[in-house]
Structure formats: C-alpha cells, structure tokens
Amino acid sequence: MASGNVIRGSRIGSAPERPTERHEPAPRRAVTYWCRNDHATEIRLALDAEEPAVWDCPRCGVPAGRDAQNPPGRTRPEPYKTHLAYVKERRTPQEGEALLNEALAALRRRRGRE
Ligand SMILES: [Zn+2]
C-alpha cells in the first residue's frame with residue numbers, strides 16, 4: 001500500500017471537515033456587567049446558565065457587577081473611612097499628640113543608641 005500518495009493528497013494542517021450536524025446554536029442571552037470605571041462588558045450565557053454575580057472587567061481587571069448604578073467597589077454613599085479616620089474616632093487629638101510624641105521619643109532613643 002503506497003501510503004505516501006495518501007498523505008500528499010491531503011492538505012496538511014487542514015482539519016478534516018466534520019460531517020455536517022444540523023446543530024442549532026444553544027440559545028444565548030447577553031448579560032452586561034459594569035465595572036466602577038464605567039466599562040461595560042457584555043458576555044453571552046446559555047439561557048439556562050446562572051449569571052455570575054461579578055465578572056472581572058477585561059479592560060481594567062476590577063470586578064464588574066450587574067448594576068450599572070452601583071458597580072462593585074465604587075465609593076458608597078457612606079464614605080470609605082481611612083485608617084486614620086477610625087483612629088481619630090477612638091482618640092482625641094490630645095491623645096493622638098501624646099502617642100505621636102511617645103513614638104517619636106522611642107524612635108529617637110533607638111536612633112541615638114544605634
Ligand atoms: Zn473596567
């Protein structure tokens with residue numbers, strides 16, 4: 001059997017044509033996600049697939065959510081408190097001053113020793 005002829009006769013690299021299956025594409029729905037940088041990302045899900053709550057934005061990588069008005073990670077009406085803000089809630093400025101002086105004194109002592 002001259003197998004060489006068979007190989008030469010077919011184009012290398014071309015996938016064999018699949019027998020045509022009358023396969024309707026599964027019904028899909030578009031689901032849009034918004035990230036906090038106002039990027040809208042539309043993904044297509046199968047109709048019966050449950051949509052994920054968040055989807056990573058392909059443009060900036062932050063999590064995107066289904067609610068355009070309130071994407072995950074956007075500053076809430078209640079402002080994000082910095083660590084300092086929490087500290088200020090717990091301590092009066094006088095206490096803060098005392099702590100700072102204490103810390104500075106300790107730092108200077110350490111530096112003086114070294
Ligand atoms: Zn984005």
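The values are calculated or read from the model by the stated rules, or taken from the named source; none is laboratory data. This one's a predicted model, so the numbers in the text were calculated from it and none came from an experiment. Heads up, the Cβs are rebuilt from the backbone with ideal geometry, glycines too, and the neighbour counts pull from every protein chain shown.
Could you list all residues from the stretch 92-108 that are in a helix (DSSP H, G or I) and surrounded by fewer than 10 Cβ atoms within 10 Å (Cβ to Cβ)?
Kept after step one, since they are in a helix (DSSP H, G or I), are these residues of the stretch 92-108: 93-108.
Result: PRO93, GLN94.
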Do we find that GLY73 is among the small types (Gly, Ala, Ser) and either in a helix (DSSP H, G or I) or at pLDDT 90 or above (or both) in this structure? no
Those residues of the stretch 42-70 which are β-branched (Val, Ile, Thr), outside any strand (DSSP E or B) and either within 22 Å of ARG29 (Cα to Cα) or at pLDDT 95 or above (or both) amount to none
Considering residues that are among the charged types (D, E, K, R) and either touching a Leu at 6+ places or on another chain (Cβ under 8 Å) or within 10 Å of the ligand (Cβ to nearest atom) (or both), the number found within the stretch 41-59 is 3
